[in-house]
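What follows is a set of notes on a single structure, which appears directly below.
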Amino acid sequence: MDIFRIEGPAELSGSVTINGSKNASLPIMAAAILAAGKSILSSVPRLSDISLFGRLLKRLGCKISKNANGDLCIDSTTIDNPVGEYEIVRRMRASICILGPLLARCGRVEVSMPGGCAIGDRPVDIHLRGLRELGAKIHLKNGYIVAEAPNGLTGKDIFLGGPFGSTVLGTANVLMAATLAKGKTVIESAACEPEMADLANCLNRMGAKIKGIGSPRLIVEGVRQLHPAEWKVIPDRIEAGTFMVAAAITAGQLRLHNCRLDDMMAVVDKLRNIGVTVEAEEDGCVVARSGSIKPADIATQPYPGFPTDLQAQFMALLSLGEGNSVIIEKVFPDRFMHVAELNRMAANLRKEGPAVIIAGVKKLIAASVMASDLRASAALVLAGLAAEGTTTISRVYHIDRGYERIEERLNPVGAKISRESI
Ligand code: EPZ
């Protein structure tokens, strides 16, 4: 069990290169199931979630390896055990996105129903609704979703919207299944996240026929077969946003390489409102803050709105704002495990239903805090960089799920983070 010790306050300065996207890599790894043979994925980040997903695919029958360039190779020639086991699914909800591709490839699949999650209620009813629309027979057996379509799936017009708008992995599951369905599928209220566009573009590289990529209406002409492909995943906009806040909260300056500002317009707009400068460059940007942190109001939304996966990080930043800010969480209304931990660091945050009222304070004070989920723990690292004294963060494994050795990326630009095993 690793912990972090963070000496603060730090002032970051230097360059960081952004890794490939975790949330693009996971569904694209699942897409390899659709085409028998070896798919080669580059820029896949080295994260515990990626290794766990690799183990999930291995259990299905896939062979997972790395080539000389360090690219991830997924050989899905043999899929002889179409079962997503509880042991893995309970540790990583994203496992659910093997459901659609396995159903399309094998005609029958069993995937453990995902359990509870620290960020709130996360049902998969819309995933199942979409697959049923394509003709799948689905029932629950001993905690497992059993989906069957022995004669294949059939294209249909499907509305995939839910109580909080679109669903990212729900779109991934239905989209992947529709690529091998008979006839045309129209997915209305599809998720428009850049990670979904990356998945759809990769599927087209594999021989699928998808139009409307990046829009809420995806049109899929089913094909008889797909073939393996080589694909480079997009940069991780959530990792980039986290490093942008790192520069802002420490009144520092960071140059980010391999960062696509085009995928981050809501984030950049908010940073500029807060008084942070973001200068675009050839392959990224320069982010800096010299003046005060201005208060701001944020409401999270599906893309292209403000991403829920940066809500906690911006809360840490605005906790040092000159005035009051309000954050409303409209995607995961209970996603506030970081609030109590930040208050332990002398922030002044008050939760009111799906909102948090932030009364800006002059400084944060170091404390021992506990990571609870991936993005909440990133916010604690950022707060530790700005706080006076030594912050200790336990359960660092949450951070390793989505950030590759974050201390080895931040220390060269001025942070003082040590990782210790206890
Ligand atoms: C993806 O999760 C991301 N995970 C999450 O990132 C991200 O927070 C989320 O999208 C929203 O952007 C991956 O890509 C691996 P949703 P997903 O289905 O697809 C409700 C991170 O930190 N809903 O878009 O599971 C749901 O409860 C992770 O990297 C239903 O009601 O999220 C939520 O309120 C955390 N029924 C909303 O929709 C359903 O069947 C959006 O969830 C599906 C979803």
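Laboratory data are not the source of any read-out in this text; all were calculated from the coordinates shown. Please read all numbers here as calculations on a predicted model, not as lab measurements. Using ideal geometry, Cβ is built from the backbone for each residue, glycine included, and neighbour counts are taken over all protein chains shown.
Segment Val223..Ser290, full-extension length gain: 18.6 nm, with 0.36 nm per residue of separation and the alpha-carbon distance subtracted.
Which one of Ser39, Ser13, Ser215 has the biggest mean-square fluctuation once the chain is modelled by GNM with Cα springs under 10 Å? Of Ser39, Ser13, Ser215, the Gaussian network model singles out Ser215 as fluctuating most.
Contact order normalised by length for the chain, with contacts defined as Cα pairs under 8 Å and 6 or more residues apart; what percent is it? After rounding, I find 21 percent. Build a GNM of the chain with springs between Cα atoms under 10 Å apart, and of Asn201, Asn69, Asn19 the one that fluctuates most is Asn69. Against the chain, whose longest principal axis comes from its Cα atoms, helix 194-205 is set at around 30 degrees.
When a footprinting reagent is the concern and you count Cβ atoms within 10 Å, what order do Ser43, Ser65 take, fewest first?
On the way: Ser43 20, Ser65 12.
Neighbour counts put them in this order, fewest first: Ser65, Ser43.
Of the peptides 324-336, 79-91, the order by per-residue mean of other Cβ atoms within 10 Å, starting with the highest, comes out as 324-336, 79-91.
With the simple spin-label model, which puts each label point 7 Å out from Cα in the Cβ direction, the Arg91 to Asp2 separation comes to 1.5 nm.
The calculated P(r) of the chain, using every Cα pair and 20 Å bins from 0, goes 27, 55, 17, 0 in percent. Projected label points at Asn343 and Lys141, each 7 Å from Cα along the beta carbon direction, are separated by 4.7 nanometres.
Can you tell me, using C-alpha contacts under 8 Å and at least 6 residues apart, the relative contact order of region 239-301 as a whole percent?
Working: 85 pairs, mean separation 22.8, N = 63.
Once normalised by length, the contact order is 36 percent.
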